[in-house]
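Below: the structure, in structure tokens.
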Amino acid sequence: MDFSIRFELNAVFLTGALFLACGSSSPDIDSGSGGTGGTGGSGMSDAADETPPGDLDATSGDAAPDRVIPGTRDGAADGAGDTRGTMDASVPDGMTPQPDATTPRPDATTMPDTTTPMPDGMTPPQDTTTPPPGDASTPEDLIREMLGRLKVAEIEAKTRELESKSLPDRFTKSATYTAATEWVRDFMAIEAPNATARFDEWDGYRNVEFTIKGTDPTAGLYIIGGHLDSVKNTVAMDDDGSGALGVALIARALSFYRYQADIRCVIFDAEEGGLIGSAHYAQALKASGCEASTCLKVYINLDEIAYDPSNRMNLRIWSDSTELKNLNTQVNLTYGLGLTLTMGTGSCHRSDDCSFSDQGYTTIYNFQTTQSPYYHMPGDTSDTLNFTYLTKNLQITAAVVATAAVPIGRAP
């Protein structure tokens with residue numbers, strides 16, 4: 001055959017073979033779908049095409065999650081009532097939850113932008129211990145966070161430690177009373193460095209004062225107090241280890257934040273001897289020029305706030321201020337503390353509240369509704385206390401003071 005004819009036939013045969021080999025495998029690209037081969041593609045592998053029908057979120061077009069997402073919680077409140085999403089304990093802070101091992105991973109060169117919004121229903125992990133620069137938390141956010149610092153287990157541990165240091169009693173001017181005041185001051189110096197500690201001493205008596213300075217000199221002062229001394233031969237963990245230690249633990253929780261008003265948390269001496277410590281303090285405060293209308297807004301007394309054997313969670317609040325009683329009700333509801341509040345009247349109830357009302361100051365007295373049968377007896381020990389009840393009583397007091405003093409941010 002002529003070479004030119006043979007060349008033309010070979011070219012025809014070659015063209016046909018190429019057509020048969022390539023024609024059946026031409027790609028089917030939808031230019032509007034953003035497929036992996038287009039310039040607007042998502043960067044995900046072809047395995048996404050294997051998603052069964054009906055397994056897509058009709059709103060977003062993304063694969064709908066069909067399992068619990070690692071690193072998030074279901075929104076249940078923790079002990080502080082905080083319903084914001086938090087990291088699961090199994091995932092270290094700052095780590096991004098990894099996809100299920102059965103899900104094909106994107107190619108390393110086409111990983112999605114990490115600024116892409118998370119799928120519906122997921123809450124991004126939050127580190128609540130270190131706020132971002134320019135944090136815009138509301139006062140309610142800050143108070144809710146602060147209440148989370150008052151934990152039942154820690155309060156019980158501190159209470160039992162105080163009891164171990166109180167034998168046989170904390171009678172005023174005794175070595176055990178003095179040692180207890182120094183123990184409180186020392187652990188607060190470590191655990192609450194933003195609360196300034198001071199011993200108020202005279203004639204062998206000693207009060208302990210913790211101050212959190214406010215930012216606005218015109219915003220006034222709020223004081224929480226309770227007495228640490230006891231009668232003879234009792235460690236007195238309800239009367240009034242619960243209130244005195246509670247005052248320090250409230251100061252510790254409050255000290256992580258800044259407020260417009262000043263806050264003082266004071267442990268008083270010699271209540272059992274005739275309100276000696278609180279009378280000395282209140283008289284000196286009035287003599288300094290601190291008036292009720294412009295300076296001390298309220299004194300809150302904590303005395304016997306931990307005995308609740310039937311788990312009734314009922315707290316009596318004595319005050320002549322309707323506004324302050326309403327604030328307690330509001331705080332109890334806002335932060336889901338679950339207390340039943342019994343409101344009463346009067347500004348003097350045979351405790352340190354009398355020392356302040358005698359100087360013309362507004363007072364509140366928080367008191368358990370069930371009187372302990374171990375009152376002023378050796379049986380008044382930590383084993384008789386309800387620590388969940390005690391914690392809630394400290395939380396409502398801390399939240400009332402924080403709300404009134406107006407939190408404006410976290411302490412540096």
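The values are calculated or read from the model by the stated rules, or taken from the named source; none is laboratory data. Keep in mind that what you see is a predicted model, and the values were worked out from it rather than measured. Neighbour counts run over all protein chains shown; Cβ positions are idealised from the backbone, glycine included.
Here are a few things to note about the model shown:
- Residue satisfying condition, being surrounded by fewer than 21 Cβ atoms within 10 Å (Cβ to Cβ), touching a residue at least 12 places away in the same chain (Cβ under 8 Å), over 14 Å from S319 (Cα atoms) and under 31 Å from the mean Cα position of the chain (by Cα), within set T362, T342, T384: T384
- Every residue from region 379-412 that is among the charged types (D, E, K, R), within 30 Å of G214 (Cβ to Cβ) and not in a helix (DSSP H, G or I): R410
- Screening Y299 on (1) hydroxyl-bearing (S, T, Y); (2) in contact (Cβ under 8 Å) with a residue 24 or more places away in the chain; (3) farther than 29 Å from R410 by Cα shows it passes everything except condition (3).
- Check on E304, closer than 15 Å to D229 by Cβ, acidic (D, E) and at pLDDT 95 or above: yes
- Extreme residue, nearest to L162 (Cα to Cα), among residues of region 182-192 that are surrounded by 13 or more Cβ atoms within 10 Å (Cβ to Cβ) and under 21 Å from the mean Cα position of the chain (by Cα): F187
- For region 136-146, the count of residues that are in contact with a Leu (Cβ under 6 Å, 6 or more places away or on another chain) and not β-branched (V, I, T) is zero.
- Scan of region 233-268 for residues that are assigned to a helix (DSSP H, G or I) and hydrophobic (A, V, I, L, M, F, W, C), ordered by number: M237, A244, L245, V247, A248, L249, I250, A251, A253, L254
- The residue that is nearest to V152 (Cα to Cα), among those in region 235-282 that are of a type in the set (S, T, N, Q) and surrounded by fewer than 24 Cβ atoms within 10 Å (Cβ to Cβ), is S255.
- As a summary of the residue check, A175 satisfies the conditions (1) in contact with a helix residue (DSSP H, G or I) (Cβ under 7 Å, 6 or more places away or on another chain); (2) free of Cβ contacts under 8 Å to residues at least 60 places away in the same chain; (3) among the hydrophobic types (A, V, I, L, M, F, W, C) except for the one numbered (1).
- Residue that is nearest to the chain's Cα centre (by Cα) [pool: residues in region 347-358 that are without any contact (Cβ under 8 Å) to a residue 60 or more places away in the chain and surrounded by 13 or more Cβ atoms within 10 Å (Cβ to Cβ)]: D353
- Just one of the listed residues (G243, G336, G273, G289) is over 14 Å from T363 (Cα atoms), free of Cβ contacts under 8 Å to residues at least 60 places away in the same chain and of a type outside the set (A, V, I, L, M, F, W, C), and it is G289.
- The residue that is surrounded by the most Cβ atoms within 10 Å (Cβ to Cβ), counting only those in region 200-228 that are more than 19 Å from D262 (Cβ to Cβ) and within 30 Å of the chain's Cα centre (by Cα), is H227.
- Residue match in region 388-408 (condition: modelled with pLDDT of 95 or more, closer than 21 Å to L228 by Cα, out of contact with any Lys or Arg (no Cβ under 8 Å at 6 or more places or on another chain) and of a type in the set (G, A, S)): yes
- Qualifying residue in region 313-335 (condition: touching a helix residue (DSSP H, G or I) at 6+ places or on another chain (Cβ under 7 Å), surrounded by 15 or more Cβ atoms within 10 Å (Cβ to Cβ) and among the charged types (D, E, K, R)): no
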